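Here is the structure we will look at.
The values are calculated or read from the model by the stated rules, or taken from the named source; none is laboratory data. Just so you know, these numbers come straight off a predicted model, no measurement behind them. No Cβ is skipped: glycine too gets one built from the backbone with ideal geometry, and neighbour counts run over all protein chains shown. What goes into the accessible areas is simple: the full protein's heavy atoms, side chains included, and nothing from ligands, DNA or RNA. Shrake-Rupley method; radii C 1.70, N 1.55, O 1.52, S 1.80 Å.
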Amino acid sequence: MKKLEIKPFDDFWLNCGFNNNFSILTSYNKKYKELAYLNGYKYQAYNEWSPKHIALNNSSRIQDDIIGQVICKEYFLVEYSEKNANNLINMLHDNNIMIRVDLYNWLPNSSSWHKEHNYHYSLLSDYDEAKQEIVIIDDDNRGYGVKSIPYKRFLKCINDEESNITGYIIHIKNEIDYELNMNDVLYHANILLDNIDFFYRENDFWKVQVNEKGENLCKFYAFEVFKMENRQKANLELVKCLYDKKYINKNIYEYLKKEFIYLKIEWERIKNILLKDYMYSANNVATNIDKLNLLKTNCIKKEIEIWKKFKCL
């Protein structure tokens, strides 16, 4: 199959894995945007390495099944060497590649730049021989999109903890039909309603300021809330799609649109309070815990009302 011209899926951002997968899917066929909008997510709290916060976990069986049927990821592992790195670059002429990279030297505008050795998978798009730069699709503080990495920096970042280069060659193996429908939305709405009540009642978030490594958590909390803000962008696209397909009437659409805009603004407000505390409080700690939890409760209450409304449609 001819190499796929991958364009970033940047309607909203959830995490590198989600956006990489939907960049591939929607570049192959735009119809898969509807699948990306599906409300397959849950809230999550108290994970082992960073307690006392709310995270958004994308957990859609429907999305995962279709991604697995459409995209084939052929794993590779080779010894780290400049020769093998160059072989990889040469493969970009005919192949789409996802590679595991060390974020410490990867993108200057990222939170890990010259601070932490974190790893994730980045999409390699092309090699600009004139500029000696690798063209990638990835996210940094400026958003998810097309970036460039100088060749020498690329060589540093693809060397993993065991002196290997690892990644995937991307193939499209099947085309699976999918059309957004109310049954799938209601299925996920019920899952979310079962999940969300805990977060309405619980008001013990954002109190732990440092993780077990001694790292400040306030900025991390803001990063997680940013995903919730972005999920409301997805929900706006979701209800627009349902309206266009005549699953909901104009009055319901206008109501849902107003409510999801409200949620987007309020989660953004929570994020900005956390970032302000990170930047300006003496110890980079969340100093507005009660206010943050009150705003959170209002957001969760609103979202419960919205998904209950769906059940009545």
Sorted by chain and number, the residues with a modelled amide H under 5 Å from that of Asn96, at a separation of 5 or more or across chains, are Leu4, Ile170
Scattering profile of the range 43-182 from the Debye formula, Cα beads only, expressed as log10 I(q)/I(0) at q = 0.12, 0.13, 0.15 Å⁻¹, is -0.61, -0.71, -0.90
For the chain, the charge dipole (Cβ of Lys, Arg +1; Cβ of Asp, Glu -1; about the Cα centre) points to a positive end, and the Cα of Ile248, Phe205, Asn105 closest to that extreme belongs to Ile248
Treating only Lys and Arg (+1) and Asp and Glu (-1) as charged, each at its beta carbon, one finds that the range 274-313 has a dipole about its Cα centre, in Debye to the nearest 20, of 280
Diffing the range 148-164: the Karplus 3J(HN,Hα) column from phi (6.51, -1.76, 1.60, θ = phi - 60°), in whole Hz with x for Gly and Pro, holds 10, 10, x, 3, 5, 5, 4, 4, 5, 7, 8, 7, 8, 4, 10, 6, 10
Expected vector for the range 222-237, Karplus 3J(HN,Hα) from phi with 6.51, -1.76, 1.60 and θ = phi - 60°, integer Hz, x for Gly and Pro, equals 4, 4, 5, 5, 4, 5, 5, 4, 5, 5, 5, 4, 5, 5, 5, 5
Note to self: with every protein chain in place and a 1.4 Å probe, the range 153-304 gives an accessible area per residue in Å² of 49
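Determine the relative contact order of the chain: mean sequence separation of Cα pairs under 8 Å and six or more apart, normalised by residue count, in whole percent. Kindly include the intermediate steps, with their values, before the conclusion.
On the way: 509 pairs, mean separation 65.6, N = 313.
After rounding, I find 21 percent.
I'd like the FRET efficiency for Asn283 and Tyr119, computed as 1/(1 + (r/R0)^6) with the beta carbon distance as r and R0 of 35 Å, rounded to 0.05. Provide the component values of the computation, followed by the final result.
Details: r = 29 Å, r/R0 = 0.83.
Efficiency for this residue pair is about 0.75.
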Checked the range 60-140 with the C-alpha gyration tensor, a ≥ b ≥ c its square-rooted eigenvalues, rounded below a/c of 1.5, otherwise prolate if a/b is larger than b/c and oblate if not; verdict oblate
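Restrict the search to the range 33-105; then list the GluC sites (Glu not before Pro) that DSSP places in a loop and that have at most 14 other Cβ atoms within 10 Å of their Cβ. Walk me through the numbers before you get to the answer.
On the way: sites: Glu34, Glu48, Glu74, Glu79, Glu82; in loops: Glu48.
Sites meeting the loop and neighbour criteria: Glu48.
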Given backbone amide H placed at 1.01 Å from N, residues whose amide H is under 5 Å from that of Phe9, ignoring those fewer than 5 places away on the same chain, are Ser23
In whole Å, largest first, the alpha carbons of the range 251-300 cover along the principal axes 48, 17, 8
Cα-based Rg/(2.2 N^0.38 Å) for the chain, rounded to two decimals, is 1.07
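Given a Förster distance of 25 angstrom, what is the FRET efficiency for Ile304 paired with Asn141, based on the Cβ-Cβ distance and rounded to 0.05?
On the way: r = 32 Å, r/R0 = 1.29.
E(calc), rounded to 0.05, equals 0.20.
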Rounded to a whole %, the carbon-and-sulfur portion of the accessible area of the range 77-145 at a 1.4 Å probe is 41
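Counting other Cβ atoms within 10 Å, which trypsin sites (Lys or Arg not before Pro) in the range 106-154 have at most 16 and lie in a DSSP loop?
Working: sites: Lys115, Lys131, Arg142, Lys147, Lys152, Arg153; in loops: Lys115, Lys131, Arg142.
Taking the range 106-154 and a limit of 16 other Cβ atoms within 10 Å, the loop trypsin sites (Lys or Arg not before Pro) found are Lys115, Lys131, Arg142.
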Among GluC sites (Glu not before Pro) in the range 141-240, those in a DSSP loop whose Cβ has at most 10 other Cβ atoms within 10 Å are Glu161, Glu162, Glu179, Glu212
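Based on DSSP H runs of at least 4 residues, each adding -39500 (n - 2.57), what is the mean residue ellipticity at 222 nm of the chain after dividing by all its residues, to the nearest 500 deg cm²/dmol?
Values: 9 runs with 147 residues, N = 313.
Estimated from H runs of four or more residues: -15500 deg cm²/dmol.
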With all protein chains present, the range 179-313 has a carbon and sulfur share of its accessible area (1.4 Å probe) in percent of 49
Once Arg100, Arg231, Arg61, Arg201 are ranked on solvent-accessible area with the largest value leading and a 1.4 Å probe, the list reads Arg201, Arg61, Arg100, Arg231
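Just need the relative contact order of the range 202-313 here, percent rounded to a whole number, with Cα pairs under 8 Å and 6+ apart. Can you show the working numbers first?
Numbers: 102 pairs, mean separation 38.6, N = 112.
Normalised by residue count, the contact order of the range 202-313 is 34 percent.
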Non-local residues with an amide H under 5 Å from the amide H of His53, with H modelled 1.01 Å from N and Pro and chain starts lacking one, are Tyr46, Asn47, Trp206
